[in-house]
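J.: This is the structure I want to talk about, given as structure tokens.
The values are calculated or read from the model by the stated rules, or taken from the named source; none is laboratory data. Keep in mind the model is a prediction, meaning the values are calculated, not measured. Here Cβ is always computed from backbone atoms with ideal geometry, including for glycine, and neighbour counts include all displayed protein chains. The protein model used for the area step is the full one, side chains on, heavy atoms only, and it has no ligands, DNA or RNA in it. Shrake-Rupley method; radii C 1.70, N 1.55, O 1.52, S 1.80 Å.
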Amino acid sequence: PVEKVDDKLEVNQQHHSGPPEQCPDLVFLAEGYKREEKDKFIQDLKKMTNTLFETTPYKENKSKFNIVGVFGASKESGTDIPHRNVQRDTLLNTSFNTLGIQRYLLLESNHLIHRIASTVPYDHVIVLVNSTQYGGGSIRMDFCVTTTGYSTSPFVFVHELGHGLAYLADEYIGNVTYNDLYPEGIEPPDPNLTRELDASKIKWRQFLTRDVA
């Protein structure tokens, strides 16, 4: 069901499991969708929701989540792509090239996204960007961003949600790395990073195969 909150915002209840005080509430915000692209946003919202609930551990916990989309129109489609000299007038002012990384897509309008998200109960914000480019980004325990039109966009969304919602760190080597982030002797707070070499003390020891160190 779609509910018109005011003349600028519309709410789409995508998946409802229970009262907000009992369920993690995920709110998806539209970015770079013009007024006439509202239906495309709803389809992208459905695509991301379906992928989420096809992925462990979310599929096992589908009955615990609430998912809502909030549509607000942008004047232009897409997002800023500075390395291609592309600038778009959009609602949330997202941009690629964050921290000089071409694929890294974020925004600086933190207050604005939380003000829009607050039209509904929410625990975490996901910004869906109407772009065919590959990319995304996340501020852990706050919000995450992903494009919707690239072939692997749904999987980028799940990856970025892991950062934002669960404080997970990246598990790959590249120009975003954690090798030098924590001083020697400091155990990373990230639940999927450790300096511990003793299998009996590792955070995820309950998941290790017996007698495999």
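J.: Hey, any idea what % of the stretch 1-149's accessible area is carbon plus sulfur with a 1.4 Å probe?
T.: Values: 3400 of 7250 Å².
Carbon and sulfur atoms account for 47 percent of the accessible area of the stretch 1-149.
J.: Return the calculated 222 nm mean residue ellipticity for the chain, to the nearest 500 deg cm²/dmol, obtained by summing -39500 (n - 2.57) across DSSP H runs with n ≥ 4 and dividing by the residue count. Could you put the intermediate results ahead of the total?
T.: Numbers: 3 runs with 37 residues, N = 213.
After summing the helix terms and dividing by residue count, I get -5500 deg cm²/dmol.
J.: Once both axes come from the Cα atoms, what is the angle between helix 38-52 and the longest principal axis of the chain, in degrees from 0 to 90, rounded to 10?
T.: Between the helix axis and the principal axis of the chain, the angle is about 20 degrees.
J.: Aspartates and glutamates within cross-link reach of Lys64: Cα-Cα under 16 Å, excluding same-chain residues under 8 positions apart?
T.: Hits, sequence-local ones excluded: Glu21, Asp25, Glu54, Asp123.
J.: Please list log₁₀ I(q)/I(0) at q = 0.16, 0.19, 0.20 Å⁻¹ for the stretch 31-134, using the Debye equation with identical point scatterers on the alpha-carbon positions.
T.: These q points yield log10 I(q)/I(0) values of -0.79, -1.05, -1.13.
J.: For the stretch 73-213, build the charge dipole from Cβ charges (+1 Lys, Arg; -1 Asp, Glu) around the Cα centre, then report which of Asn97, Val212, Tyr134 sits farthest towards its positive end.
T.: Looking along the dipole axis, the top candidate is Tyr134.
J.: Follow-up question, since we're still on this one. Any of Lys8/Lys75; Lys38/Lys59; Lys8/Lys46; Lys8/Lys40 with alpha carbons more than 24 Å apart? Name them for me. The partial results should precede the final answer.
T.: Values: Lys8/Lys75 12 Å; Lys38/Lys59 27 Å; Lys8/Lys46 21 Å; Lys8/Lys40 17 Å.
In this structure, Lys38/Lys59 lie more than 24 Å apart at Cα.
J.: Helix 153-166 against the longest principal axis of the chain: what's the angle in degrees, Cα atoms only, rounded to the nearest 10?
T.: Here the helix axis deviates by roughly 60 degrees.
J.: Give me the extension gain from Lys62 to Ala166: residue separation times 0.36 nm, minus the current Cα-Cα distance, reported in nm with one decimal. Provide the component values of the computation, followed by the final result.
T.: On the way: separation 104, 0.36 × 104 = 37.44 nm, distance 1.61 nm.
Computed gain between Lys62 and Ala166 is 35.8 nm.
J.: If I model a spin label at Tyr150 and Asp89 as a point 7 Å from the Cα along the Cα→Cβ vector, what separation in nanometres do I get?
T.: 2.8 nm
J.: With 10 Å bins from zero, work out the P(r) of the stretch 113-213 over every alpha carbon pair and list the percent per bin.
T.: 14, 33, 30, 18, 5, 0
J.: Check each of the GluC sites (Glu not before Pro) in the stretch 72-171 and keep only those in coil by DSSP with at most 16 other C-beta atoms within 10 angstrom; list them in order.
T.: Those that pass, being in a loop and sparsely packed, are Glu76, Glu108, Glu171.
J.: Scanning the chain for trypsin sites (Lys or Arg not before Pro) in DSSP loops with at most 13 other Cβ atoms within 10 Å, what's the longest stretch left with none?
T.: Values: sites that count: Lys8, Lys75, Arg195, Lys201, Arg210.
The answer is 76-194.
J.: How much of the pair distance distribution for the chain lies past 23 Å, counting alpha-carbon pairs only, in percent? Don't skip to the answer; put the middle values down first.
T.: Numbers: 10980 of 22578 pairs.
Above the 23 Å cut-off, the chain has 49 percent of its Cα pairs.
J.: Can you tell me the convex hull volume per residue for the stretch 109-169, based on C-alpha atoms, in Å³ to the nearest whole number?
T.: Values: hull volume 4.9 nm³, N = 61.
Looking at the stretch 109-169, the number lands at 81 Å³ per residue.
J.: Starting from the stretch 26-58, pick out the GluC sites (Glu not before Pro) whose DSSP state is loop and whose Cβ has at most 12 other Cβ atoms within 10 Å.
T.: Numbers: sites: Glu31, Glu36, Glu37, Glu54; in loops: Glu54.
Answer in residue order: Glu54.
J.: Let me ask you something else. To the nearest 10 square angstrom, what accessible area does Ile139 show with a 1.4 Å probe?
T.: Accessible area, nearest 10 Å²: 70 Å².
J.: Turning to a different aspect of this structure: Testing the spin-label approximation: label points 7 Å from Cα along Cα→Cβ at Arg205 and His114. State their distance in nm.
T.: 3.8 nm
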